[in-house]
Amino acid sequence: LVNSKSYLQSKLAMEANKDPRMGQAYDTYLDQLVSKGVSLITLYKSVTKPSKYGSWGMLESQHQDPSTAPKFSTVTSWIKANGKCQSFPEPSCQCGDHGTCTWNN
C-alpha cells in the first residue's frame, strides 16, 4: 500500500499502473479468478485520474489512447477472448461484442 503522504511512493505507484507489466498482472488476476470458479467479475472504475489515493481507473481520461493504458488494453482483450453474458430469462437480452448484454426493444 502507498502512504498517501509520501510523494515518491505515490509517484512510483502511479507509474507502476502505466507499466505494461500491470497489464500482465491483470491478465493473470482475471485468469486466476476464473480458474477458481468466479463467474462474475466487476472492476471498480473504468475512468479515473490517478491520485495519491490510488490509480483505480483502467483509463486516466476518456480521451486517453488505449495503447498507453495497459489495464484497459488487457481487460478489453481478455473480455473479447473470455467474456460471456450472464444468463437472463428474458429473451430480449442478447450478448454484445464485448460480453455485455444488450436489450432489444
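For the reader, a short list of remarks on this structure follows.
- Residues in the range 8-15 carry Karplus couplings, in order, of 5, 5, 5, 4, 4, 5, 5, 5 Hz; the curve used is 6.51 cos²θ - 1.76 cosθ + 1.60 with θ = phi - 60°, and Gly or Pro positions show x.
- Inter-label distance for residue 42 and residue 63, nm, one decimal - labels placed 7 Å from Cα along Cα-to-Cβ: 3.1 nm
- Close amide H partners of residue 47, meaning residues 5 or more places away or on another chain with modelled amide H under 5 Å apart, are 58, 59.
- HN-Hα J in Hz across the range 67-72 - Karplus 6.51, -1.76, 1.60, θ = phi - 60°, x for Gly and Pro: 5, 9, 10, x, 5, 4
Values quoted throughout were computed directly from the atomic coordinates according to the rules given, and no laboratory measurement underlies them. This one's a predicted model, so the numbers in the text were calculated from it and none came from an experiment. Backbone-built Cβ (ideal geometry, glycine too); neighbour counts: all protein chains shown.
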